[in-house]
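Quick notes on the structure that follows.
Any read-out appearing in this document is the output of simple, stated calculations on the displayed coordinates, not a laboratory observation. These figures come from a predicted structure and were not determined experimentally. As a convention, Cβ positions derive from the backbone with ideal geometry for all residues, glycine included, and neighbour counts pool all protein chains shown.
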Amino acid sequence: MDTDTARFNMIEQQIRPWEVLDPRVLTALNDVPREEFVPPVYRNLAFADMHIALGHGEIMMQPKQEARLLQALALKTKDRVLEIGAGSGYVTALLARLAGHVDSVDIYPDFIESAQDKLAAHGYTNVSFQEGDAAKGWESDHRYDAILLTGSVPELPPRYKKLLADGGRLAAIVGNEPVMEAVLVEHLGNDQCRITSLFDTGLPPLVHAETTPSFEF
């Protein structure tokens, strides 16, 4: 496979047509080698417009889903980001490329070990990994500029609202099949949030995700 051509085609034929035009996001997608984060058996599908199986019933998102969610977060170089679901480590690497520091949580220790090795091999030192179940929220002493959920949830867990800094953004895919949508939550200050629908889509749920009282805006 000609990876440079495949990557170019992924960006030009899948991602730009999905209205991803942020030059920083496009540069990150070009620079982070997606083919090195997929399971070796699926390397030839690294740039395909499809979900890729990772094990434990988990998947990598489609490239266009990853790109749209990243663009919506509008990351700045000093932002601190919380990622729920490290998975392959690919989105983690994109977040690390775009932001100041990434705290990544995953329920599977083998995913964490693999992601750590891959990010270290590519020189990313601004990522911290933790093992845990964060489907309903996460305990942290930090307030985050951005939060990304890489699996879907039936409703947005209210505990994540408490982790957003003023001006912070959260991107997630919410709902149940066949009706799901990607949303952006912006913390406006004074414990108020605004939610914006981004696009209709589908994504398997986070492990142990279940219906809980949702955000109040």
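Count Lys and Arg as plus one, Asp and Glu as minus one, and take only other residues whose Cβ is under 14 Å from that of residue 99; the net charge is then +1.
Among 120, 96, 46, the residue with the largest mean-square fluctuation in a Gaussian network model of the chain, with springs joining Cα atoms closer than 10 Å, is 120. Angle, helix 109-121 long axis vs. longest principal axis of the chain, Cα atoms, 0 to 90°, nearest 10? It works out to around 60 degrees. Sort segment 103-192 into rounded, prolate or oblate with this rule: let a ≥ b ≥ c be the square roots of the eigenvalues of the Cα gyration tensor; rounded if a/c is under 1.5, and if a/c is not under 1.5, prolate when a/b is larger than b/c, oblate otherwise. Judged from the Cα gyration tensor, segment 103-192 comes out oblate (a/c at least 1.5, b/c at or above a/b).
Using only Cα atoms, find the angle between the long axis of helix 63-73 and the longest principal axis of the chain, and express it within 0 to 90 degrees, rounded to the nearest 10. So the inclination is approximately 40 degrees. A simple charge model with +1 on the Cβ of Lys and Arg, -1 on the Cβ of Asp and Glu and nothing else charged puts the dipole of segment 3-200 at about 480 debye relative to its Cα centre. The charge dipole of segment 1-119, taken about its Cα centre with unit charges on the Cβ of Lys, Arg, Asp and Glu (plus for the first two, minus for the last two), comes to roughly 380 debye.
Each of 96, 132, 56 was placed along the dipole of segment 3-200 (beta-carbon charges, centred on the mean Cα), and the one lying farthest toward the positive end is 96.
Per residue, the average separation of C-alpha pairs within less than 8 Å and at least 6 apart gives segment 3-200 a relative contact order of 15 percent. Indicate the gyration tensor shape class of segment 1-84 (rounded, prolate or oblate), computed on the Cα atoms with a ≥ b ≥ c the square roots of the eigenvalues: a/c under 1.5 is rounded; otherwise a/b larger than b/c is prolate and the rest oblate. Because a/c hits 1.5 or more and a/b fails to exceed b/c, segment 1-84 counts as oblate. Helix-only mean residue ellipticity at 222 nm, the chain, DSSP H runs n ≥ 4 weighted -39,500 (n - 2.57), per residue, nearest 500. What is it? Roughly -6500 deg cm²/dmol at 222 nm, from the helical runs in the chain. Computed from Cα atoms alone, the Kirkwood hydrodynamic radius reported for segment 3-200 is 16.8 Å.
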